[in-house]
Amino acid sequence: MTIETQSGMVASSRRYLDGLKSWQRRLVYALVFITAWPIVMTLVYTAVPPPFSNLMILRLFTGNGIHKDWVSLGEMSPQLANAVITSEDARFCDHNGVDWVEFQGVVDDVFDDDEGPIRGASTISMQTAKNLFLWDGRSFIRKGLEIPIAYWMDLVLSKRRMIEIYLNIVEWGPGVYGAEAASQFHFRKPAAKLSKREAALLAAVLPNPIKRKAGKPSKRVSSIANRIMSRMNGMGSYLACLGP
């Protein structure tokens with residue numbers, strides 16, 4: 001593309017914006033910002049820990065504070081990543097951000113009666129995209145935004161970095177975010193010392209960490225944790241992307 005062509009495109013864009021009403025220009029600027037923010041910040045997050053997520057900010061309006069403490073994946077018990085991947089996204093190392101195999105076999109709007117939704121087809125990449133850049137809840141608009149962001153994040157971030165970010169921003173109780181805060185809140189110990197059972201309990205509550213309690217699990221949560229522990233034993237080859 002020549003300099004003249006680029007200059008012509010810039011001038012054309014300026015004329016287009018000048019022809020819009022003020023509210024229309026603000027809308028265009030907002031759309032550009034919303035589009036650019038996850039693209040740019042994902043690049044930043046390859047090296048810098050996210051200081052907060054959209055979900056954390058939105059939760060502030062419900063009266064909950066923010067309790068979090070970033071720790072590297074190496075400072076967490078390896079049982080935690082194993083448990084969460086086993087429970088949330090067993091094909092994590094194989095897909096490119098979206099698992100269409102799961103989409104074909106799972107209805108995302110299934111609920112259990114007393115403790116909220118069981119997991120749907122969202123991958124860890126999609127959940128990371130939602131938590132960091134979007135909002136909670138179920139809508140076609142959010143899902144439509146979530147999918148391309150998940151693909152972009154999976155392209156830019158290593159799998160190890162993806163699960164590290166996810167485990168540091170995911171909600172594990174009202175105002176409790178990330179593995180370290182969750183481990184201290186529920187089990188009064190650092191994330192590095194989580195047992196296999198404790199890791200499975202944390203994974204078991206992720207579909208609804210507000211109603212489900214890892215530290216004081218109901219029979220339902222205990223049963224889910226038992227199933228996760230059983231499946232964790234055969235996950236070795238499925239965790240190869242996490243490295244040593």
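The values are calculated or read from the model by the stated rules, or taken from the named source; none is laboratory data. Computed from a predicted structure; not experimentally measured. Neighbour counts are summed over all protein chains in view; Cβ atoms, including those assigned to glycine, are modelled from backbone coordinates with ideal geometry.
For this structure, a couple of remarks:
- Filter result (farther than 24 Å from ALA150 by Cβ and assigned to a loop (DSSP other than H, G, I, E, B)) within segment 72-99: SER77
- Looking only at segment 223-244, and only at residues there that are closer than 12 Å to LYS196 by Cα and surrounded by fewer than 12 Cβ atoms within 10 Å (Cβ to Cβ), the one that is modelled with the highest pLDDT: SER230
- Long-range neighbours under 8 Å by Cβ, at least six apart or interchain, first residue part of a helix (DSSP H, G or I) and surrounded by 15 or more Cβ atoms within 10 Å (Cβ to Cβ) within segment 141-157, second modelled with pLDDT under 90 and not hydrophobic (A, V, I, L, M, F, W, C): GLU146/SER122
- Looking only at residues in segment 171-185 that are of a type outside the set (S, T, N, Q) and out of contact with any strand residue (DSSP E or B) (no Cβ under 7 Å at 6 or more places or on another chain), the one that is surrounded by the most Cβ atoms within 10 Å (Cβ to Cβ) is ALA179.
- Evaluation of ARG188 against (1) touching a helix residue (DSSP H, G or I) at 6+ places or on another chain (Cβ under 9 Å); (2) at pLDDT 95 or above (one fails), failing number: (1)
- Top-ranked residue in segment 70-93 [being surrounded by fewer than 18 Cβ atoms within 10 Å (Cβ to Cβ) and of a type in the set (Gly, Ala, Ser); ranked as nearest to GLY243 (Cα to Cα)]: GLY74
- So PRO38, is it at pLDDT 90 or above, part of a helix (DSSP H, G or I) and surrounded by 12 or more Cβ atoms within 10 Å (Cβ to Cβ): yes
- Tally, over segment 51-69, of residues that are part of a loop (DSSP other than H, G, I, E, B) and surrounded by fewer than 18 Cβ atoms within 10 Å (Cβ to Cβ): 9
- Selected residue [without any contact (Cβ under 8 Å) to a residue 60 or more places away in the chain and of a type in the set (A, V, I, L, M)] from VAL176, VAL205: VAL205
- Each residue in segment 208-228 was checked for being over 22 Å from the mean Cα position of the chain (by Cα) and part of a helix (DSSP H, G or I), and 6 pass.
- Taken over segment 180-202, the criterion of being aliphatic (A, V, I, L, M) and in contact (Cβ under 8 Å) with a residue 40 or more places away in the chain is satisfied by ALA181, ALA191, ALA192, LEU194, ALA199, ALA200, LEU202.
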